[in-house]
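The values are calculated or read from the model by the stated rules, or taken from the named source; none is laboratory data. No experiment lies behind these values; they were computed from the predicted model shown. Methodologically, a virtual Cβ is constructed for each residue, glycine included, from the backbone with ideal geometry; neighbour enumeration extends over all protein chains shown. Accessible surface areas use protein heavy atoms only, side chains included; no ligands, DNA or RNA. Shrake-Rupley method; radii C 1.70, N 1.55, O 1.52, S 1.80 Å.
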Amino acid sequence: MLEVEAKFAVRDPGEVRARLDRQGVHMARRQQEHDVYYNAPHRDFAKTDEALRVRYDDAGVTVTYKGPKSRVGSAKAREEFNLAVASGETLEAILSRLGFRRAASVSKTREFYEMGDVTVTLDDVEGLGTFIEIEILTESDREDAARRIGVTAKGLGVDGPPIYTSYLEMLVSKQK
């Protein structure tokens, strides 16, 4: 599965919520997310542009692998695999025993808005601010997904340059 998304900084989340409401799109759910990122013992994920994440949220725990990013228009695309796990603590212990190292953590409050197969999230990221992500999961047609994401962003009045870096990359660069 390919995740195609565009991310933008948001100055006024209330205005974005109002535009969503005017389009008849209401928040589907709100949740807290705490993401713990790991680096591999055999290669540096920062150099290979990969990510291994253990996410703790209101629904449970998920381990995610994300492949390298590629740009598609004003969006980015990357391969993504997700697997629900029964115990994040056990998974983290296994990763540690295998030589994986904790790289960083990202905490955020995320609001989800569903527009058909387009997911819009408003993310309040600890230490970074507020962002909007517009995402489509697709098997193969990333160009069409990127075009539709652009149309959605325009319809929501989202402006400014798209952000291609992940929250993890943003936090790590801020700490340097």
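Tabulated data for the structure shown
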item	result
Accessible area expressed per residue, region 1-123, with surrounding protein chains retained (probe 1.4 Å, Å²)	51
Lys, Arg +1 and Asp, Glu -1 on Cβ, resulting dipole of region 35-176 about Cα centre, debye, nearest 20	660
Nearest-0.05 FRET efficiency for ASN82 and ALA18, computed from C-beta distance (R0 41 Å)	0.85
With every protein chain in place, region 17-75: carbon and sulfur % of accessible area (1.4 Å)	49
Point-to-point label distance, SER70-GLU89, nm (Cα→Cβ direction, 7 Å offset)	4.2
Region 161-167 - phi-based ³J(HN,Hα) in whole Hz, Karplus 6.51/-1.76/1.60, Gly and Pro as x	x, x, 9, 8, 8, 7, 4
Debye, to nearest 20: dipole size of region 84-136, +1 on Lys, Arg Cβ, -1 on Asp, Glu Cβ	460
Calculated [θ] (222 nm, deg cm²/dmol) that DSSP helices of n ≥ 4 give over the chain, each run adding -39,500 (n - 2.57)	-7500 deg cm²/dmol
Among VAL72, LEU137, GLY99 - extreme Cα towards positive end, dipole of region 62-176, charges at beta-carbon	GLY99
Kirkwood Rh (inverse of mean 1/r, distinct Cα pairs), the chain, angstrom	17.0
Dipole-positive endmost among MET27, THR90, ALA9 within the chain (Cβ charges, Cα centre)	ALA9
Anchor LYS108: lysines whose Cα lies under 20 Å away (excluding residues fewer than 8 positions away in-chain)	LYS7, LYS66, LYS174
Ordering of 44-51, 102-109 by packing [mean C-beta count within 10 Å, highest first]	102-109, 44-51
